[in-house]
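Any read-out appearing in this document is the output of simple, stated calculations on the displayed coordinates, not a laboratory observation. Given the structure is predicted, the values throughout are model-derived calculations rather than measurements. All Cβ positions, glycine included, derive from the backbone under ideal geometry; neighbour counts span all protein chains shown.
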Amino acid sequence: MKAHRQLPGTMLMVSLMGLAGAARAQGEPEPPPAAPRPAATVKDGVRLRGGLSLNGGVFLLPANPTGGAFSLAGRLGVQFNHYFSIYYQNTPILGATLGQDKRSGTLAFADYNSLLLNLTLFHMFELGAGPSLDYVALAHGSLTIDGFNSSASASTGTGWAAGGHGRFAFIVGGLSGDGPRRSGLVLSVDAHPMFLSIGPTLSLTAGVGVEWY
């Protein structure tokens, strides 16, 4: 009989304890959700940049408009962030043109000294433009044939000339790890007008090289 009397009391105590536990659980605030892990960020910052390219193309002169050109370009400057930079590009270029009459030609050497402001997009496309101060040396020769008589003449000239430079590049490579340093194989196109006493000239070249930016 005692056991039967204690059973309702025990069940009452268990029920009260369960209600008290539920009340405490409802009163306690839910723990905050775990904070999401931060996404990996690409480092950025000011750093040096540089590059080298071998180029080939055409040289256009006023008197002798047709000819080929070969150049070597070296670049050195500052990359402010992943988008903007400024650099100096030195481009020794050698060209030979032939007149339309096939009896005159010009050998041209120039040293381009260009300062370019540059924009980089998606870590791979670059567009740069700026002024240039160029040293130019020209050697012009011609041959005249009049019946059985022929004569040849040659002239040379050197000097400094104002110019401009535009460059578009596509870089295969990209970020090294999480940055900020980038590097890769560069394919580029360069356009360079010069303003000489004999008239405006233009060189158009395409090149391949390496870039650290």
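With the crude spin-label approximation of a point 7 Å out along Cα→Cβ, what separation in nm comes out for residue 204 versus residue 111?
2.8
Once a ≥ b ≥ c are taken as the square roots of the eigenvalues of the Cα gyration tensor of segment 47-212, is the result rounded (a/c under 1.5), prolate (a/b larger than b/c) or oblate (a/b not larger than b/c)?
The shape class here is prolate.
Please identify the chymotrypsin sites (Phe, Trp or Tyr not before Pro) of segment 78-133 that satisfy two criteria: DSSP loop assignment and at most 13 other Cβ atoms within 10 Å. Which are they?
Those satisfying the criteria are 83, 122.
Sort out for me the Cα centre separation of segment 161-192 from segment 93-134, rounded to whole Å.
Between the Cα centres of segment 161-192 and segment 93-134 lies a distance of 15 Å.
As a footprinting exposure proxy, order 165, 82 by other Cβ within 10 Å, with the fewest listed first. Please list the in-between numbers first.
Details: 165 24, 82 19.
Fewest-to-most Cβ neighbours within 10 Å comes out as 82, 165.
Please list, in order along segment 129-138, the HN-Hα scalar couplings obtained from phi with the Karplus expression 6.51 cos²θ - 1.76 cosθ + 1.60 (θ = phi - 60°), rounded to whole Hz, x for Gly and Pro.
7, x, x, 8, 10, 10, 9, 10, 10, 10
Based only on other Cβ atoms within 10 Å, what is the fewest-to-most ordering of 93, 198?
Working: 93 23, 198 12.
Going from sparsest to densest Cβ surroundings: 198, 93.
Going by how many other Cβ atoms sit within 10 Å of their own, how do 61, 107, 54 line up, fewest first? If you can, show how the numbers build up before the last one.
Working: 61 24, 107 17, 54 12.
So the residues, fewest neighbours to most, are 54, 107, 61.
Pop a pseudo-label 7 angstrom from the Cα along the beta-carbon direction at both residue 127 and residue 162 and give the gap in nm to one decimal.
Distance between label points: 2.5 nm.
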